[in-house]
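FYI, it's all coordinate maths here, none of it is from the lab. Here the structure is a predicted model, which means the values were calculated and not measured. Methodologically, a virtual Cβ is constructed for each residue, glycine included, from the backbone with ideal geometry; neighbour enumeration extends over all protein chains shown.
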Amino acid sequence: MKLTSFDIIKKVRISEKGMRQTEKHNQYTFVADRRATAPEIKAAVQELFGVTVKRVNTCNMLGKERRKMTKAHGWSSDWKKAIVTLKEGDKIDLI
């Protein structure tokens, strides 16, 4: 099954650390499909946002143990983090 750009990039992660990375290093953090590779993520970001990607770093994040008002525990889902560095002068408008 071929993944489309909308399947590869699930959402943008906005956090304090992510905003500092955006201001200092022109980097944006995305939640990507776990099957996607760095070149596929690069192509998807360039297609969806119309920017030039300089580099993509990925990291598989493990889900955390969760409990809600019970002794039994479950796990949140595993996900893939993609930190995308853009070319100087390019930016993504998140608002």
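Miscellaneous remarks
- With 0.36 nm allotted per residue and the present C-alpha distance subtracted, the residue 48-residue 5 stretch has 14.8 nm of extension available.
- Along principal axes, Cα extents of the chain, largest first, whole Å: 51, 36, 22
- Ordering 47, 40 from the fewest to the most neighbouring beta carbons within 10 Å gives 47, 40.
- Likely footprinting exposure, 8, 14, fewest C-beta neighbours within 10 Å first: 14, 8
- Between residue 19 and residue 58, the modelled label-to-label distance comes to 2.9 nm, taking each label 7 Å out from Cα in the direction of the beta carbon.
- Overall, the chain carries a charge dipole of about 520 debye about its Cα centre when +1 sits on the Cβ of Lys and Arg and -1 on the Cβ of Asp and Glu, all other atoms neutral.
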